Amino acid sequence: MTDTWQPTACMICSMNCGIEVQTEGERIVRVRPDKAHPVTKGYVCEKAQRMEAYQQGRDRLSSPMRRRADGTYEAVDWDTAISEVAVRLAAVRDAHGGESILYYGGGGQGNHLPGVYAQATLAALGVRYRSNALAQEKTGEAWVQARMFGCGMHHDFEHAEVALLIGKNPLQSNGFPRARVVLREIAADPARSMIVIDPRRSETAAMADYHLAIRPGTDAWCLGALAAVLVQEGIANTAWMDAHVSNAEPVLDVLRRVPVSQFAQVCQVDEDLLRAAARRMAAASSMASMEDLGMQMGVHSTLGSYLHRLIIGLTGSFGRKGTSYAFVPFRPLGGGGSASAGSAARPSGERNWKRSPVTGFPVIMGLIPCNAISEEILTDHPHRFRAMFIESANPVHSLADTARMREALRALEFSVVIDVAMTETASEADYVLPACSQFEKAEASFFNFEPAENAFQLRHPLFAPREGTLEEGAIHTRLCEALGVLSAEMVEPLKAAAGNLDGFAMAFAQMAAAQPAIMAVAPVLLYRALADALPEGMNNAAAVWGVAQIFVRNFPEQAAAAGFAGPLAGNRLFEAILNSPSGTVFSRIEHGGWDLVRQPGQRINLHIPEMLELLMALDPAGPPVDPDYPLILSAGERRTETSNTSIRDATWLRKGALDSTLRIHPGDAAQFGLGEGDAVDVVTRRGRARALVEVHEGCRPGHVSLPNGLGLDVRQADGSVRRQGAALNELTDYRWRDPVVGTPWHKYVPARLEKVA
Ligand SMILES: Nc1nc2c(c(=O)[nH]1)N[C@H]1C(S)=C(S)[C@@H](COP(=O)(O)OP(=O)(O)OC[C@H]3O[C@@H](n4cnc5c(=O)[nH]c(N)nc54)[C@H](O)[C@@H]3O)O[C@H]1N2
Ligand SMILES: Nc1nc2c(c(=O)[nH]1)N[C@H]1C(S)=C(S)[C@@H](COP(=O)(O)OP(=O)(O)OC[C@H]3O[C@@H](n4cnc5c(=O)[nH]c(N)nc54)[C@H](O)[C@@H]3O)O[C@H]1N2
Ligand code: SF4
Ligand SMILES: [Mo]
């Protein structure tokens, strides 16, 4: 065993809390919080203890796999796999154009470097369309955020007098730094308040001063009523609005007419409680607020994101301590456009690249909606997708309508998956390329959205890559070489200059000036060129050099405020990142980030006409109901023992527990004759899944929930495959989605129960 504590991070959720570990052979044997992490500062939740469940995870791959005609797989060597994958992808590109290849994924909760290297492969293939999990939760929020603020936004709960949480349960799901500590501080302080909008008495709602236990799917009515109370009772922060918002009048005009009592009735919350919550917001010196899946995966989610931002505007809750803040990301998430390496076949005729090719949904954050993917494939439309490149994601399991996603993958001319494990998605692909784990390479996530001071952690490997696996930098580099867009002539001069980073920066700049086309393949070029210059085992960090250069160029003031200034600031930042394994502060934001607001006059635009139309058209009867499926299922609750599918073992935190539990109100359980632990089939119009009953006082009558992340088909020691828990997306339908941006209604799935004898 090594006595040294090595800094790394937990890869279960987007907080990526800093941890330190001790290792023994190939195992992580001890874990403790890393106090030196600049953001999480020694905070972790219970899940950080179980990194072994990932590192020694089930179904890990040790060789590239090729699908046979009968659907089974054979192991092939890397050279064969790379050359065959390159030939097959190039064939699709040459026949139908790079725009017929869809890229899905790019990074999960703890690894975003795959998406950086993929930029080069996508450029080589002329790929135009992408999607990933953000396009089933955050694109509605991004759509309104762009129209109102023009910059990203995060929330300073630590200093807020009032915390507003909309369909968000940070006690279990985290979502901002040190969530449990911060919320407990707010709850313990009589001068501060917590307002929670959640049908269920979640762990967070149980701590709230104001819990608006709305009927599921009625967030838009609830937020509309809260905004209307602020206006109708004359308690909006008009002095602040005069200074900081634009186009308020048409919005105020609509809000004056919102029938608050009727909306409260639709939500089935007490009107007095709703008004009291609005008054508390108005009285606060500062409010931080956050929305998440409870609303974003529900009915009228884009409208909800808009109304949430109206409340921010009406209460003046932006750009001050304890409110929402603009931030500068180290690298934007989503799908920053990929430059073409020039070899891609171009389509004939005019195409609207801002819309998905078949369904015409808007491309947001560079992504097409997840829920549209199967329709973009299963059609004879000439612009349909013919191939998919999937990396670090499990869409067959995680996207709505698993049966339909399987059918779509099988209908493609070609598919390839890069993953550490033989997942539900890999099991449908033509080729599977095995990546080494996040603890076997330099890795990082770009989930850095903190207010004021923002940090990035480049994790060092704890182990050598497992036999037969490669890091994504190597996989994409080899693919680009096989595709003929990366050659020794490009690499050698840069490699020769790499002994000195400042000299290297000059050489790179000169080469880019002389041959602008190299920028399209920059990540893989760096992977080869910096190979000898980086510390042992850190080669996957090469592309971070490029990210650092781009960051200081795009955000010079914020980088300078963090100490990275001057002509070679990018190099200084990269060195700091390499030499600070617990994390580096890369940006400081001053003046509340107002200079980042990209709207005329740096004022928040309140007016989105189509959203006001939706508000006025809200059905007085509430969200749609289905008499044959009278319950509303929340398909994907975050619980203490759940994670996304990087953990492929349902028992990782609950010994022996191989089933999902269905949470149900005691009254409903009695009505259906169900007792604790009874087996029950949850049935929807789309499918069925089995679970065990968990009678739960916090549930709202008529509302049931199943946990996220379970229902994986896990290979057992004897080679058989066993499903562990309920696979949620066997129950969901791709057509249940937001009409504006296509995000799914996973929190609003009409269902009924069948007791299993
Ligand atoms: N333990 C654990 N933590 C995680 C994850 C995990 O798998 N496990 N996943 C991570 C990921 S990828 C994400 S995106 C986040 C998600 O984090 P959250 O969004 O906080 O998680 P959820 O439990 O899906 O939903 C939050 C709440 O929405 C409520 N809800 C259900 N229906 C409605 C509704 O109609 N309206 C409102 N207002 N609320 C409703 C639920 O009761 C629940 O308490 O969690 C992250 N953290
Ligand atoms: N019904 C329903 N569906 C949902 C949700 C819900 O609440 N309800 N939640 C949704 C949400 S919010 C999210 S974020 C998505 C998440 O779903 P996905 O985006 O599909 O991501 P993960 O489940 O995190 O899977 C990550 C994949 O990356 C692989 N992996 C891990 N480490 C590495 C690595 O180093 N390299 C490579 N190449 N691969 C690696 C893992 O094996 C796994 O297959 O699920 C969504 N699906
Ligand atoms: S699961 Fe999330 S909050 Fe918990 S330790 Fe891991 S990264 Fe931190
Ligand atoms: Mo997510």
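Below is a table of values for the structure above.
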| quantity | calculated |
| --- | --- |
| Every pair of residues 6+ apart whose Cβ atoms lie under 9 Å, when the first sits in the range 133-159 and is farther than 25 Å from S246 by Cα while the second is of a type in the set (D, E) and within 12 Å of ligand 2 (Cβ to nearest atom) | E137/D292 |
| Identity of the residue in the range 88-117, among the aliphatic types (A, V, I, L, M) and more than 16 Å from A429 (Cβ to Cβ), that ends up nearest to ligand 3 (Cβ to nearest atom) | L113 |
| Inter-residue pairs, beta-carbon under 7 Å, first of a type in the set (F, W, Y) and in the range 615-632, second open to solvent by 80 Å² or more (accessible area, probe 1.4 Å), 6+ apart | Y629/R685 |
| Listing of strands (runs of 3 or more DSSP E) fully contained in the range 403-503 that carry 1 or more residues being touching an Asp or Glu at 6+ places or on another chain (Cβ under 6 Å) | 414-419 |
| Only listed residue being open to solvent by less than 30 Å² (accessible area, probe 1.4 Å), among the acidic types (D, E) and out of contact with any helix residue (DSSP H, G or I) (no Cβ under 6 Å at 6 or more places or on another chain), chosen from E407, E376 | E376 |
| Residue list for the range 20-42, filter: in contact with a helix residue (DSSP H, G or I) (Cβ under 6 Å, 6 or more places away or on another chain) and within 12 Å of ligand 3 (Cβ to nearest atom) | V31 |
| Matching entry among D718, D713, D733 (being open to solvent by 10 Å² or more (accessible area, probe 1.4 Å) and part of a strand (DSSP E or B)) | D713 |
| Leading residue by the ranking (surrounded by the fewest Cβ atoms within 10 Å (Cβ to Cβ)) among those in the range 693-705 that are out of contact with any helix residue (DSSP H, G or I) (no Cβ under 6 Å at 6 or more places or on another chain) and not in a loop (DSSP other than H, G, I, E, B) | E694 |
| Close pairs (6 angstrom Cβ cut-off, 6 or more residues apart or separate chains): on the phi > 0 side of the Ramachandran plot in the range 739-757, within 16 Å of ligand 2 (Cβ to nearest atom) and open to solvent by less than 40 Å² (accessible area, probe 1.4 Å) anywhere | G742/P369; G742/N371; G742/A372 |
| Filter result for the condition that a residue is modelled with pLDDT of 95 or more, among the aliphatic types (A, V, I, L, M) and surrounded by fewer than 24 Cβ atoms within 10 Å (Cβ to Cβ), over L273, L303 | L273 |
| Which numbered condition Q109 fails, given (1) within 25 Å of S131 (Cβ to Cβ); (2) away from ligand 4 (no atom under 16 Å from the Cβ) | (2) |
| Hits in the range 721-730 (condition: charged (D, E, K, R), in contact (Cβ under 8 Å) with a residue 60 or more places away in the chain and assigned to a strand (DSSP E or B)) | R722 |
| Any hit, the range 664-671, residues being open to solvent by 50 Å² or more (accessible area, probe 1.4 Å), outside any loop (DSSP other than H, G, I, E, B), out of contact with any helix residue (DSSP H, G or I) (no Cβ under 6 Å at 6 or more places or on another chain) and modelled with pLDDT under 95 | no |
| Matching residues, the range 233-251, being in a helix (DSSP H, G or I) and crowded, with 18+ Cβ neighbours inside 10 Å | M241, H244, V251 |
| Restricting the range 1-18 to residues that are away from ligand 1 (no atom under 16 Å from the Cβ) and in contact with a Ser or Thr (Cβ under 6 Å, 6 or more places away or on another chain), the residue that is modelled with the lowest pLDDT | T2 |
| Subset of the range 1-43 (residues that are among the acidic types (D, E) and either open to solvent by 20 Å² or more (accessible area, probe 1.4 Å) or within 16 Å of ligand 2 (Cβ to nearest atom) (or both)) | D3, E20, E24, E26 |
| Hits in the range 14-72 - residues which are part of a loop (DSSP other than H, G, I, E, B), among the charged types (D, E, K, R) and within 28 Å of the chain's Cα centre (by Cα) | D34, K35, K41, R58, D59 |
| Lone qualifier among E99, E84, E52, E46 - being open to solvent by less than 30 Å² (accessible area, probe 1.4 Å), in contact (Cβ under 8 Å) with a residue 60 or more places away in the chain, more than 16 Å from ligand 4 (Cβ to nearest atom) and of a type in the set (D, E) | E99 |
| Set L134, L113, L164: member being within 14 Å of ligand 1 (Cβ to nearest atom) and open to solvent by less than 10 Å² (accessible area, probe 1.4 Å) | L164 |
| Pairs where the first residue, in the range 108-132, is under 16 Å from S445 (Cβ atoms) and in a helix (DSSP H, G or I) and the second is open to solvent by less than 10 Å² (accessible area, probe 1.4 Å) and within 16 Å of ligand 3 (Cβ to nearest atom), C-beta under 7 Å, 6+ apart | L113/E443; L113/A444 |
| Tally of residues being touching a residue at least 40 places away in the same chain (Cβ under 8 Å) and buried (at least 22 other Cβ atoms within 10 Å of the Cβ) across the range 563-581 | 3 |
| Failed criterion for A95 (all others in (1) more than 16 Å from ligand 2 (Cβ to nearest atom); (2) in contact with a helix residue (DSSP H, G or I) (Cβ under 8 Å, 6 or more places away or on another chain) hold) | (2) |
| Residues (polar (S, T, N, Q) and under 15 Å from A393 (Cα atoms)) located in the range 97-117 | Q109, N111 |
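Listed here are the residues, each with its yes/no results for (1) modelled with pLDDT under 95; (2) among the β-branched types (V, I, T); (3) open to solvent by 20 Å² or more (accessible area, probe 1.4 Å).
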position	(1), (2), (3)
E492	no, no, yes
D502	no, no, yes
A520	no, no, no
A531	yes, no, yes
G537	no, no, yes
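For (1) closer than 30 Å to E20 by Cβ; (2) modelled with pLDDT of 95 or more; (3) among the basic types (K, R), each residue gets a yes or a no:
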residue	(1), (2), (3)
V552	yes, yes, no
Q558	yes, yes, no
P567	no, no, no
F574	yes, yes, no
L578	yes, yes, no
P581	yes, yes, no
F586	yes, yes, no
I589	yes, no, no
G593	no, no, no
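The values are calculated or read from the model by the stated rules, or taken from the named source; none is laboratory data. Quick caveat, the model's predicted, so the values are computed rather than measured. Cβ sites come from the backbone with ideal geometry, for glycine too, and all protein chains shown count toward neighbours. Each accessible area value is taken on the protein alone, full model and side chains, heavy atoms only, with ligands, DNA and RNA left out. Shrake-Rupley method; radii C 1.70, N 1.55, O 1.52, S 1.80 Å.
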